[in-house]
Amino acid sequence: TRETGFEHTLDGVRTRLGGVHIRLGDHPYSKELAALGLPKRAILSSSAANVQMTFGDAQEIS
């Protein structure tokens, strides 16, 4: 197992309590998501206008 450290910066973050409605399409993953009980109303949703991330080297932890 490995882990990777990272740093990130977010700009223009918005969060909405109450969430959004989720619609599943016809992609094969849709069946897997439906098996998990989706679509349901989300508890909250968030978005970011800009995300910047820097990842370090992977380190073995076990």
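Since every read-out is calculated from the coordinates, none of them should be taken as a lab result. Keep in mind it's a predicted model, so treat the numbers as computed, not measured. Counting neighbours? That spans all protein chains shown, and the Cβs are built from the backbone with ideal geometry, glycine included.
Values computed for the structure shown
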read-out: Under 15 Å, Cβ to Cβ, from Gly5 - net charge with Lys/Arg +1 and Asp/Glu -1; value: -3
read-out: Rg(Cα)/(2.2 N^0.38 Å) for the chain, N = residue count; value: 1.59
read-out: Total charge dipole magnitude, segment 2-60, about the Cα centre, Cβ charges on Lys, Arg, Asp, Glu only, Debye to nearest 20; value: 580
read-out: Positive dipole terminus of the chain, leading residue within Leu33, His21, Thr9 (C-beta point charges); value: His21
read-out: The chain - mean residue ellipticity at 222 nm from DSSP helices (-39,500 (n - 2.57) per run, n ≥ 4, rounded to 500); value: -3500 deg cm²/dmol
